[in-house]
Amino acid sequence: MTAPMLEVRKIRKRYGSFTALHEVSFQVERGELFGLLGPNGAGKTTLLSILSALSDADDGQALLDGQPIATHQLSIRRRIGIGPQDLALYGELTAWENLAFFGRLYGLQGPQLRQRIETVLHSIGLADRAQQRAGTFSGGMKRRLNLGIAIMHQPELLLLDEPTTGVDPQSRNHIFEQVQALNAQGMTIIYTSHYMEEVQTLCKRIAILEQGRVLACDTLPNLLRLLPSRVHFRVSQCSPTLLERLAQLPDVRCEVASDQQLTLTCSDSARTVIAVIAILNELHIELTGLESQEPNLERVFLHLTGHALRD
């Protein structure tokens with residue numbers, strides 16, 4: 001079994017009496033698009049600062065291919081790219097000049113630098129704006145340039161901190177497509193967001209961070225299995241025989257709302273619906289309404305934390 005590309009081992013970070021991270025641990029495999037989901041203030045940015053070697057943990061450690069990530073490890077820092085939540089670009093410089101400046105910081109020069117700038121400008125959809133000052137760009141265009149700067153040196157590990165904050169739908173799609181393309185090319189990516197739909201769309205495995213703690217870390221299907229499905233039925237009559245038959249169904253719990261409405265909590269809604277319809281047909285009871293409620297990431301977050309993500 002191959003070792004994970006990134007290991008985060010019981011990282012703690014304090015600011016005075018406030019503990020921002022409480023023994024955070026998880027692993028990221030090589031080539032993975034890993035989601036870090038949590039509300040503002042959950043500790044996502046603090047964690048990415050440590051993972052990008054911009055600050056050190058107070059306790060615990062992070063390892064990139066078995067090597068410690070630390071502020072003094074310059075060789076490790078060159079293998080990591082970060083798209084920070086606060087834009088890291090120069091408004092008075094053009095898009096081309098911004099990419100050239102940051103490319104030179106990573107040792108690119110001459111034809112190699114120019115070729116890389118051209119490639120990045122096309123990938124982020126700003127080739128036609130190359131000679132315009134970044135300060136004149138819309139919020140979405142600045143976000144796309146921010147991403148371009150982060151990938152100029154073709155990092156092995158890319159950290160993206162809320163990369164779609166304040167962007168328009170077109171720029172969000174550009175960012176999504178580029179993130180997916182980079183991952184398809186083999187780049188390992190950690191994508192942090194407080195938007196459920198973004199993480200659910202992009203990431204195969206997700207860690208849920210709340211108040212500096214990892215509450216769960218698994219694939220989306222496994223996270224959804226933390227909660228049951230619910231099926232709401234409306235019938236012409238809710239007879240004792242029907243209730244008796246429903247109680248015999250495996251892995252199903254029945255709640256009666258009225259003499260015509262009932263809710264079944266189950267692990268497999270499709271199988272349960274088929275079984276219930278068969279019972280209703282056998283008992284000659286008419287089905288007058290049906291609604292299935294599947295688990296989603298919002299409900300999982302509510303279950304784990306006791307409140308909605310944006311409360």
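Each reported figure results from applying straightforward, stated rules to the coordinates on display, with no laboratory input. Since this is a predicted model, take the numbers as computed values, not measurements. When we count neighbours, we look across all protein chains shown, and the Cβ atoms used for this are built from the backbone with ideal geometry, even at glycine.
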Practice task
Could you work out the equivalent-ellipsoid semi-axes for the chain, taking the square root of 5 times each eigenvalue of the Cα gyration tensor, largest first, in whole Å?
Solution key: 48, 23, 16
Practice task
Would you please give the residues with an amide H less than 5 Å from that of Ile285, counting only those at least 5 places away or on a separate chain, with H modeled from the backbone geometry?
Solution key: none
Practice task
Search the structure for amide H atoms under 5 Å from the amide H of Thr188, placed 1.01 Å from N in the peptide plane, and list their residues when 5 or more places away or on another chain.
Solution key: Gly31, Leu158
Completion exercise
Mean-square fluctuation maximum in Gaussian network of the chain, Cα pairs under 10 Å, restricted to Ile151, Ile189, Ile277, hits Ile277
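Give me Phe176, Phe18 ranked fewest to most by other Cβ atoms within 10 Å of their Cβ, as a rough exposure proxy. Spell out each step's value before the answer.
Working: Phe176 16, Phe18 8.
Lowest count first: Phe18, Phe176.
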Handout entry: Ascending count of other beta-carbon atoms within 10 Å, so fewest first, for Cys203, Cys238
Key = Cys238, Cys203
Completion exercise
the chain: relative contact order from alpha carbon pairs under 8 Å, six or more residues apart, as a whole percent, is 19
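So what is the calculated 222 nm ellipticity per residue for the chain, using -39500 (n - 2.57) for each DSSP H run with n of 4 or more, over all residues, to the nearest 500 deg cm²/dmol? All intermediate terms of the calculation are to be shown ahead of the outcome.
On the way: 11 runs with 109 residues, N = 311.
Taken over the chain, the calculation gives -10500 deg cm²/dmol.
Taking Cα pairs under 8 Å and at least six residues apart, what relative contact order does the range 120-192 come out at, in percent?
This gives 37 percent for the range 120-192.
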Handout entry: Residues whose placed amide H lies under 5 Å from that of Asp168, excluding near-sequence neighbours
Key = Gly140
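Could you line up Glu162, Glu7 from fewest to most neighbouring Cβ atoms inside 10 Å?
Details: Glu162 21, Glu7 17.
Ordered from fewest to most neighbouring Cβ atoms within 10 Å, Glu162, Glu7 come out as Glu7, Glu162.
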Problem - Candidates Pro111, Pro84, Pro155: whichever shows maximal mean-square fluctuation once the chain is modelled as a Gaussian network with Cα springs under 10 Å - result: Pro111
Exercise for the section: Calculate I(q)/I(0) for the range 229-294 by the Debye formula, one identical point scatterer on each C-alpha and no solvent, and give its log10 at q = 0.25 Å⁻¹ to two decimals. Expected result: -1.15
Practice task
Report the residue, chosen from Ala181, Ala42, Ala20, that carries the largest GNM mean-square fluctuation when the chain is represented by alpha-carbon nodes joined by springs under 10 Å.
Solution key: Ala181
Problem - ³J(HN,Hα), Karplus 6.51/-1.76/1.60, whole Hz, each residue of the range 38-46, x for Gly, Pro - result: x, x, 4, x, 6, x, 4, 5, 4
